[in-house]
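**Student:** What follows is a single structure, and I will ask about it in a moment.
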Amino acid sequence: MSVAVAKAKSDLSGPYEREDLLNGCQAVAQGVRLADVDVIAAYPIRPYTEVMDALSKLIADGQFDAEYIIADSEHSQFEIVKHASSVNARAFGGSSGTGWMYGMEALVVTATDRLPPLFVVGNRALDDPGAFGVEHNDAMAIRDMGWLLCWVTTPQEALEHVLIGYRIAEDKRVRMPMGLAMDGAFLTHSQHMVKVPSVAAAKKFLPQYDLAERRLHPDNPISVAPQVNEDWVMELRRQNWEAAKRARGVIKEAYKEFNDVFGNRYSAPYYFDEFMTDDAEVVLIGIGTVAAPARTAVRRMREKGQKVGYVNLRWFRPFPTVELRESLSRFKAVGVVDRDFAHGSPDDCGILMHEVRSCLYPAKNRPAIVNFMGGLGGRDLSIADTQKMFEITQQAVKKDSMDGFITWIGLRE
Amino acid sequence: MSTVPTIDYEKIKGVHKIPLEELYTSGHRTCQGCESATTMRGFIKAAGSRTVVTGATGCMYVANTSYMTTPWIVPWMHTQLGAGGSSAVGMAAGLRALKRKGKIKDEKINVINFSGDLGAGDMGIGGISAALQSDYDLLIIMYDNESAANTDIQATGSTTYGAQTTFTPPGTKHPIMQRRWKKNVAGMLAVGHPTCRYVATACATFPPTDYLNKVRKALSIGGPTFIHTYDPCPKGWDYHPRFSNELGELGIKCGIYPLYEIVEGQIIYTWDARKTGKGRIPVKEFLTKQGRFDHLQEEHFTHIQKMVDEMWEEWEFPGVAPIKGILKARI
């Protein structure tokens, strides 16, 4: 592993102490250092692994103090993280693709135990057949389990969302595990200049983890997760449900606090970003790094006078129902870009499409909506591809039928 | 290397010296005659209250720790069936980091996990192996009642050869469905982890106080340690609940369950039939007291006796490791 360090060129004052050339994985490692994480459990799988490579080097060089454990499997890795979190230690793990799925049992109980560690998911296609490239099904497998789940699109956001993620997850009103997802290769391994916060600023923003009355310690002799059977599960599910609902408000608070410390980095409604949508008639909505070609396509089409825009969905759980409904119902047509699959589901759409369509159902003004399946297994989604998606979505405005409802983009036929 | 302060445990010399304080008390729903409940009660008596415990899924979770009626006076947390080792590592790591960073008081806190034979010996063996490679102070207790007792008695890798379980019913074509010889978990873990300083086998009630002192020894020696307990189960083994203690004793005396500890690489037999003058009792005497062996024929008893004899007479380290010496001739 090599971490290229560039001398600060831009104005760095206040909350940021230097600017480094970092890829998504290395940026997350810096975030973990700044969050003063207590316990890290590692297990290798591409592409997230480089997060752990970077962390182990930081620890080896004495730049960061944490327990660092190389686990024997993802299941053990996630259980180590879960149990460290239960004794009130801030804990960190991560995985990709089938590794993430291998530890699924532990991921499920981390949420039902209402513990708030943070896991990074370097999105990867699910084997078989073997593929290292991005696909979102791995992270999305936890979407209904009581997790927080968000996607970042740059190394800068990746670093910052480690801090923001712990801030939200550990909030007493939330206490849910945090999934921080980033596209394999396109983000995990692409380098950008990243402003690295100072330790003082990070500390100012992120309070100490305090599980309080639920921490496991001889001075607090509680029993966690005893057998409840049919007597109490429903009430516990209700508590999870309410926490996930409350998280929406806490997310907003967290971004406002982050802006207070770090300058106005993020703008409302925080859960998603809009690009050139003010007078747009047709938009695409997607998750992750597809934002980059999509924004370029928007600019190019705008030069030709076409009223298009792009919505980058950052928070997937909790889903920003009200805000997104309000936003998307302004447009004539919406194209939903899925970098995932949901075979055999209603209308054979992707997962994001189901979520967006469900979100729009109660809207007074429902836009036409079409679905794109693209970029699976790490296939590139180019500027031309996103431009084509805009064009198909524009045509949907005039259509009454469901013809062309789903288009597979970039598929060899 | 452990740097945390240790608790100075005294050796318990006789049953009258066993601590009176109960840290595992009423509230559990274990069966009458449950030896595993005695295993639970014993380890926490021996360890004391400055202890955190995880219990893997199994009968000692499902029957043992129910919401609103927990029997645990010490902090306790459920862990997944195969997560005994990793749960202990996670808690030990968390506590060590918090102590080092000054976030909690620097004192000795024991971390103990208990997992059943299915959880520890089969599903979680990889995680326990990793835990025994670590440098954390933790103790893993595998309570072995020779079945998945919580799911209505299914065979595991630790079930005695020939036993009837719901997965291994005797039939007209196949009288023996459990054809696997009992997995040698303690021996395997001792042999495979050169830096693990303490591995033992035990039975909660025989010889008296032996188990409690093994728990104390494990916690005093420190680092990652492992104890395998032999827990007769009235429901799974099919006998009257009053005989649990007796069956544990017979299992040890017939030699099918060797009792030893390995301290810093040295074996100590903590009950040794070879030194009694009487030798091992016939295995059949132990087996015929249990309904799960009702279907066995003479040939099966003979086979089991032969295997047990081999354990004691042919293994280089009797009862511990199935290595029969070095073959001189080149093959």
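**Student:** Checking B:GLY325 against (1) over 26 Å from B:MET177 (Cα atoms); (2) assigned to a helix (DSSP H, G or I), only one condition comes out false. Which one?
**Tutor:** Among (1) over 26 Å from B:MET177 (Cα atoms); (2) assigned to a helix (DSSP H, G or I), B:GLY325 violates only (2).
**Student:** When the range A:330-370 is examined, which residues are found to be at positive phi and exposed (fewer than 14 other Cβ atoms within 10 Å of the Cβ)?
**Tutor:** Those that are at positive phi and exposed (fewer than 14 other Cβ atoms within 10 Å of the Cβ): A:GLY344, A:ASP347.
**Student:** Being in a helix (DSSP H, G or I) and charged (D, E, K, R) is the filter here; which residues of the range B:264-306 pass it?
**Tutor:** Listed by number, the residues that qualify are B:ARG274, B:LYS275, B:LYS284, B:GLU285, B:ARG292, B:GLU298, B:GLU299, B:LYS306.
**Student:** Quick check on the range A:19-43: of everything there that is away from chain B (no Cβ under 14 Å) and surrounded by fewer than 21 Cβ atoms within 10 Å (Cβ to Cβ), which residue is nearest to A:GLY184 (Cα to Cα)?
**Tutor:** A:LEU21
**Student:** Now for a separate question. Given (1) in contact (Cβ under 8 Å) with a residue 40 or more places away in the chain; (2) in contact with a Phe, Trp or Tyr (Cβ under 9 Å, 6 or more places away or on another chain); (3) surrounded by fewer than 22 Cβ atoms within 10 Å (Cβ to Cβ), where does A:VAL282 come up short, assuming only one miss?
**Tutor:** Result: A:VAL282 passes all but (3).
**Student:** Now for a separate question. Does A:ALA294 fit the bill of being at pLDDT 95 or above, among the small types (Gly, Ala, Ser), in contact with a strand residue (DSSP E or B) (Cβ under 9 Å, 6 or more places away or on another chain) and assigned to a helix (DSSP H, G or I)?
**Tutor:** Details: at pLDDT 95 or above: yes; among the small types (Gly, Ala, Ser): yes; in contact with a strand residue (DSSP E or B) (Cβ under 9 Å, 6 or more places away or on another chain): yes; assigned to a helix (DSSP H, G or I): yes.
Spelling it out, A:ALA294 is indeed at pLDDT 95 or above, among the small types (Gly, Ala, Ser), in contact with a strand residue (DSSP E or B) (Cβ under 9 Å, 6 or more places away or on another chain) and assigned to a helix (DSSP H, G or I).
**Student:** Taking the condition of being touching a Leu at 6+ places or on another chain (Cβ under 9 Å) and under 23 Å from A:LEU376 (Cα atoms), how many residues in the range A:110-127 meet it?
**Tutor:** 6
**Student:** Working only within the range A:263-285, note down all residues that are closer than 11 Å to A:ARG314 by Cβ and not acidic (Asp, Glu).
**Tutor:** Hits for the range A:263-285 are A:TYR266, A:PRO269, A:TYR270, A:TYR271, A:PHE272.
**Student:** Answer with yes or no whether A:MET104 is under 26 Å from A:TYR271 (Cβ atoms), surrounded by fewer than 24 Cβ atoms within 10 Å (Cβ to Cβ) and either within 14 Å of chain B (Cβ to nearest Cβ) or free of Cβ contacts under 8 Å to residues at least 24 places away in the same chain (or both).
**Tutor:** Against the criterion (under 26 Å from A:TYR271 (Cβ atoms), surrounded by fewer than 24 Cβ atoms within 10 Å (Cβ to Cβ) and either within 14 Å of chain B (Cβ to nearest Cβ) or free of Cβ contacts under 8 Å to residues at least 24 places away in the same chain (or both)), A:MET104 qualifies.
**Student:** Here's another thing I want to ask about it. Surrounded by fewer than 18 Cβ atoms within 10 Å (Cβ to Cβ), modelled with pLDDT under 95, farther than 25 Å from A:ARG295 by Cβ and within 14 Å of chain B (Cβ to nearest Cβ), is that true of A:ASP128? I'd like the intermediate steps shown before the answer.
**Tutor:** Working: surrounded by fewer than 18 Cβ atoms within 10 Å (Cβ to Cβ): yes; modelled with pLDDT under 95: yes; farther than 25 Å from A:ARG295 by Cβ: yes; within 14 Å of chain B (Cβ to nearest Cβ): no.
Spelling it out, it is not the case that A:ASP128 is surrounded by fewer than 18 Cβ atoms within 10 Å (Cβ to Cβ), modelled with pLDDT under 95, farther than 25 Å from A:ARG295 by Cβ and within 14 Å of chain B (Cβ to nearest Cβ).
**Student:** Please work out if B:ALA149 is farther than 16 Å from B:VAL199 by Cβ, crowded, with 24+ Cβ neighbours inside 10 Å and away from every other protein chain (no Cβ under 11 Å). Break it down into steps so the answer makes sense when it comes.
**Tutor:** Values: farther than 16 Å from B:VAL199 by Cβ: yes; crowded, with 24+ Cβ neighbours inside 10 Å: yes; away from every other protein chain (no Cβ under 11 Å): yes.
So B:ALA149 passes the test.
Each row is one residue, and each column tells you yes or no for (1) crowded, with 19+ Cβ neighbours inside 10 Å; (2) under 30 Å from B:GLY192 (Cβ atoms).
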{"position": "B:ILE252", "(1), (2)": "yes, yes"}
{"position": "B:PRO258", "(1), (2)": "yes, yes"}
{"position": "B:VAL263", "(1), (2)": "no, yes"}
{"position": "B:GLY277", "(1), (2)": "no, no"}
{"position": "B:LYS284", "(1), (2)": "no, no"}
{"position": "B:ASP294", "(1), (2)": "no, no"}
{"position": "B:HIS300", "(1), (2)": "no, no"}
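**Student:** Something else now. Please go through the range A:299-325 and give me each residue that is assigned to a helix (DSSP H, G or I), free of Cβ contacts under 8 Å to residues at least 24 places away in the same chain and over 22 Å from the mean Cα position of the chain (by Cα), ordered by number.
**Tutor:** Our first condition is that a residue be assigned to a helix (DSSP H, G or I); within the range A:299-325, this holds for A:299-303, A:321-325.
Subsequent filtering for residues that are free of Cβ contacts under 8 Å to residues at least 24 places away in the same chain retains A:299, A:303, A:322.
Across the range A:299-325, the qualifying residues are A:ARG299, A:GLU303.
**Student:** Now for a separate question. Give the residue, chosen from B:LYS182, B:LYS217, B:LYS173, that is in a helix (DSSP H, G or I) and modelled with pLDDT of 95 or more.
**Tutor:** The conditions single out B:LYS217.
**Student:** Hey, could you check the range B:69-101 for residues that are without any contact (Cβ under 8 Å) to a residue 12 or more places away in the chain and of a type in the set (A, V, I, L, M) and say which is farthest from the other protein chains (Cβ to nearest Cβ)? Steps first, answer last, please.
**Tutor:** Going residue by residue through the range B:69-101, those that are without any contact (Cβ under 8 Å) to a residue 12 or more places away in the chain are B:90, B:94, B:97-98, B:100-101.
After this cut, where a residue has to be of a type in the set (A, V, I, L, M) as well, the list is B:97-98.
Numbers: B:ALA97: 4, B:LEU98: 6 Å.
The selected residue is B:LEU98.
**Student:** Out of everything in the range B:231-247 that is more than 21 Å from B:THR302 (Cα to Cα) and touching a helix residue (DSSP H, G or I) at 6+ places or on another chain (Cβ under 6 Å), what residue ends up being surrounded by the most Cβ atoms within 10 Å (Cβ to Cβ)?
**Tutor:** Within the range B:231-247, the subset more than 21 Å from B:THR302 (Cα to Cα) is B:231-236, B:238-246.
Imposing the further condition that a residue be touching a helix residue (DSSP H, G or I) at 6+ places or on another chain (Cβ under 6 Å) reduces the set to B:231-232, B:234, B:238, B:241, B:244.
Values: B:ASP231: 31, B:PRO232: 29, B:PRO234: 21, B:ASP238: 16, B:PRO241: 14, B:SER244: 25.
Looking at residues that are more than 21 Å from B:THR302 (Cα to Cα) and touching a helix residue (DSSP H, G or I) at 6+ places or on another chain (Cβ under 6 Å), I get B:ASP231.
**Student:** Can we say B:GLY55 is more than 7 Å from chain A (Cβ to nearest Cβ), crowded, with 21+ Cβ neighbours inside 10 Å, in contact with a helix residue (DSSP H, G or I) (Cβ under 7 Å, 6 or more places away or on another chain) and closer than 23 Å to B:ASN184 by Cβ?
**Tutor:** Criteria not met by B:GLY55.
**Student:** Looking at (1) more than 9 Å from chain A (Cβ to nearest Cβ); (2) surrounded by fewer than 24 Cβ atoms within 10 Å (Cβ to Cβ); (3) not polar (S, T, N, Q), can you tell me which one B:CYS34 breaks?
**Tutor:** The one condition B:CYS34 does not meet is (2).
**Student:** Among residues belonging to the range A:182-241 that are basic (Lys, Arg) and in a helix (DSSP H, G or I), point out the one that is nearest to the other protein chains (Cβ to nearest Cβ).
**Tutor:** Once the filter is applied, the top-ranked residue is A:ARG214.
**Student:** Suppose we keep only residues that are of a type in the set (D, E, K, R) and closer than 14 Å to A:PRO177 by Cα within the range A:62-96. Which one would you say is nearest to the other protein chains (Cβ to nearest Cβ)? Explain how you work it out, then say what you get.
**Tutor:** Taking the range A:62-96 as the starting set, the residues that turn out to be of a type in the set (D, E, K, R) are A:65, A:67, A:72, A:74, A:79, A:82, A:90.
If we keep only those that are closer than 14 Å to A:PRO177 by Cα as well, we get A:79, A:82, A:90.
On the way: A:GLU79: 4, A:LYS82: 6, A:ARG90: 9 Å.
Residue satisfying both the conditions and the ranking: A:GLU79.
**Student:** Next question, about the same structure. Go through the range B:116-133 and give me each residue that's surrounded by fewer than 24 Cβ atoms within 10 Å (Cβ to Cβ) and either within 9 Å of another protein chain (Cβ to nearest Cβ) or modelled with pLDDT under 95 (or both).
**Tutor:** B:GLY126, B:SER129, B:ALA130, B:GLN133
**Student:** Select from the range B:112-129 the residues that are charged (D, E, K, R) and outside any helix (DSSP H, G or I) and list them in ascending order.
**Tutor:** We begin by selecting, within the range B:112-129, every residue charged (D, E, K, R); these are B:117, B:122.
Of everything in the range B:112-129, nothing turns out to be charged (D, E, K, R) and outside any helix (DSSP H, G or I).
**Student:** Further, regarding this structure: Is there a residue being buried (at least 23 other Cβ atoms within 10 Å of the Cβ) and more than 13 Å from chain A (Cβ to nearest Cβ) anywhere in the range B:102-115?
**Tutor:** Yes, that holds for at least one residue.
**Student:** Of the residues A:VAL224, A:VAL196, which single one is buried (at least 19 other Cβ atoms within 10 Å of the Cβ) and within 27 Å of the chain's Cα centre (by Cα)?
**Tutor:** Of A:VAL224, A:VAL196, the one residue that is buried (at least 19 other Cβ atoms within 10 Å of the Cβ) and within 27 Å of the chain's Cα centre (by Cα) is A:VAL196.
**Student:** Determine if the range A:352-369 includes at least one residue that is closer than 24 Å to A:ASP128 by Cα, under 23 Å from the mean Cα position of the chain (by Cα) and touching a residue at least 12 places away in the same chain (Cβ under 8 Å).
**Tutor:** Taking the range A:352-369 and keeping what is closer than 24 Å to A:ASP128 by Cα, we get A:352.
If we keep only those that are under 23 Å from the mean Cα position of the chain (by Cα) too, we end up with A:352.
Still in the list and also touching a residue at least 12 places away in the same chain (Cβ under 8 Å): A:352.
Within the range A:352-369, one or more residues are closer than 24 Å to A:ASP128 by Cα, under 23 Å from the mean Cα position of the chain (by Cα) and touching a residue at least 12 places away in the same chain (Cβ under 8 Å).
**Student:** Check B:SER66, B:SER26 and return the single one that is more than 8 Å from chain A (Cβ to nearest Cβ) and modelled with pLDDT under 95.
**Tutor:** Unique residue meeting the criteria: B:SER26.
The values are calculated or read from the model by the stated rules, or taken from the named source; none is laboratory data. Because the structure is a prediction, the values reported are computed rather than measured. Positions of Cβ are generated from backbone atoms using ideal geometry, with glycine treated the same way; all protein chains shown enter the neighbour counts.
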